[in-house]
Amino acid sequence: VPFEDRVGRLDAITRGLTLAARYPLVRTIALGAPQLARIRGAVTHYLWSALSAYFRTEVFALREDLLEAYGGRLLKLPNITPGGLVLVKEPMVLSYNALHRAVADAFAEIGLPAHFSHGLFPINVRLAEGTPNARVDSRPRASAKVHTDIWAGDPIGAVGFMLPLLGDIERVRVDWFEPRAMPDHLLCALADYDHGTPVAADAERYADGWQRGGLLMFDSFALHQTQRPGPGLRVSLDFRCVARQQVASDGAMADVPRTLLPMDDWLDYGHGRVLVTQDPLVPYTQPDRPAAGYPVVIGTRPLAE
Ligand SMILES: [Fe+2]
């Protein structure tokens, strides 16, 4: 079995859970309709709070089909990185914390925290466009290239999570692949995902890892690629956790330019503490290069003394 230790770790984490899809390096965990509705509502409010704060003279209704109704305006928000990250800014602080709480509660309800020592902070909200964009898609670390998140700087021992939530999920999808092997010299951050092309070229595609209503969990060796089939928008969440069970192929845990929080602290946002930022919602002026961490200065405050 290729990657036996890594596959075994995912088996241990998903034991007893209802899976909507199961591949060696990628699992889709079924979430309950109430859990999904809470998270979907919270992410809709997160986007709505950005729209209403930025376009001060326009009316935005908080509606289920926010993406379909206001997609053009969403794409004009100033806090979206070239990679589609919808950054948290001061007007969105309250809605971020409500969203984090909804995600952390679902994570805890299905029993996942016991398997992880740390969570990467904050949770990423991503707006993906279906329309190909040569400028964006040819960037050295474009998500439209086949890659593993190790090449983006994530820890090898990290387990990734993605949750497709709104919009054209079926079309503006992420495709998943299993490499035949992962050579040691590719177990590090790469300046350009093209350096991994030999591994990506003969990887095996997983048919349907990506599904509406499922929390996708993936090993850091899983290759993936954002698909751009034509006009359409999709919103998904992504975050990483560090597995308690480290396996031989994780190697030594290198210093990573990410904010790792102990699992209990990560779970506490929106409960006993809140993320804060003073960063105003104004045009994004940072250079388009990989940020060494979250590109907004964020802090934490306790909710009660
Ligand atoms: Fe990725």
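Please report, ordered by residue number, the helices (runs of 4 or more DSSP H) entirely within the range 1-110 with at least 3 residues that are within 23 Å of THR226 (Cα to Cα) and in contact (Cβ under 8 Å) with a residue 24 or more places away in the chain. Walk me through it before giving the result.
Numbers: elements: 4-14, 33-54, 66-75, 93-109.
Passing ranges, in order: 33-54, 66-75.
Could you list, in sequence order, the residues of the range 111-131 that are more than 13 Å from the chain's Cα centre (by Cα), of a type outside the set (S, T, N, Q) and not in a helix (DSSP H, G or I)?
Applying the first criterion (more than 13 Å from the chain's Cα centre (by Cα)) to the range 111-131 yields 111-118, 129-131.
If we keep only those that are of a type outside the set (S, T, N, Q) too, we end up with 111-116, 118, 129-130.
GLY111, LEU112, PHE116, HIS118, GLU129, GLY130, listed by residue number.
What residue, of ASP105, ASP137, is among the acidic types (Asp, Glu) and under 25 Å from GLY270 (Cα atoms)? Before you say what the answer is, go through the steps one by one.
On the way: ASP137 fails: under 25 Å from GLY270 (Cα atoms).
It is ASP105.
Restricting attention to the range 268-305, and to residues there that are among the charged types (D, E, K, R) and at pLDDT 85 or above, which single residue is nearest to PRO91 (Cα to Cα)?
In the first step, residues of the range 268-305 are kept if they are among the charged types (D, E, K, R); the result is 268, 273, 279, 288-289, 301, 305.
Filter again for at pLDDT 85 or above, leaving 268, 273, 279, 301.
Values: ASP268: 21, ARG273: 18, ASP279: 9, ARG301: 16 Å.
Step by step, filter the range 268-305, then rank; the result is ASP279.
Looking only at residues in the range 1-31 that are out of contact with any helix residue (DSSP H, G or I) (no Cβ under 7 Å at 6 or more places or on another chain) and of a type in the set (Lys, Arg), which one is farthest from PHE177 (Cα to Cα)?
Selected residue: ARG15.
Sort out for me the strands (runs of 3 or more DSSP E) sitting completely within the range 158-216 that have 1 or more residues that are of a type in the set (A, V, I, L, M, F, W, C) and either over 27 Å from HIS100 (Cα atoms) or out of contact with any Leu (no Cβ under 9 Å at 6 or more places or on another chain) (or both).
So the answer is 174-178.
When you check ASP265 against the structure, is it part of a helix (DSSP H, G or I), charged (D, E, K, R) and at pLDDT 90 or above, yes or no?
Considered against the rule, which asks whether it is part of a helix (DSSP H, G or I), charged (D, E, K, R) and at pLDDT 90 or above, ASP265 comes out as yes.
For the range 18-58, give me each residue that is surrounded by fewer than 18 Cβ atoms within 10 Å (Cβ to Cβ) and within 25 Å of ALA248 (Cα to Cα).
Passing the criteria: only ARG22.
Tell me the residue from ALA222, ALA254, ALA189 that is at pLDDT 90 or above and surrounded by fewer than 20 Cβ atoms within 10 Å (Cβ to Cβ), please.
Step by step, each of ALA222, ALA254, ALA189 is checked, and only ALA189 is at pLDDT 90 or above and surrounded by fewer than 20 Cβ atoms within 10 Å (Cβ to Cβ).
Return yes or no: is VAL43 at pLDDT 95 or above, β-branched (Val, Ile, Thr) and over 23 Å from VAL88 (Cβ atoms)? Explain how you work it out, then say what you get.
Details: at pLDDT 95 or above: yes; β-branched (Val, Ile, Thr): yes; over 23 Å from VAL88 (Cβ atoms): no.
Considered against the rule, which asks whether it is at pLDDT 95 or above, β-branched (Val, Ile, Thr) and over 23 Å from VAL88 (Cβ atoms), VAL43 comes out as no.
The values are calculated or read from the model by the stated rules, or taken from the named source; none is laboratory data. What you are looking at is a predicted structure, and each value in this text was computed from that prediction instead of being measured. Counting neighbours? That spans all protein chains shown, and the Cβs are built from the backbone with ideal geometry, glycine included.
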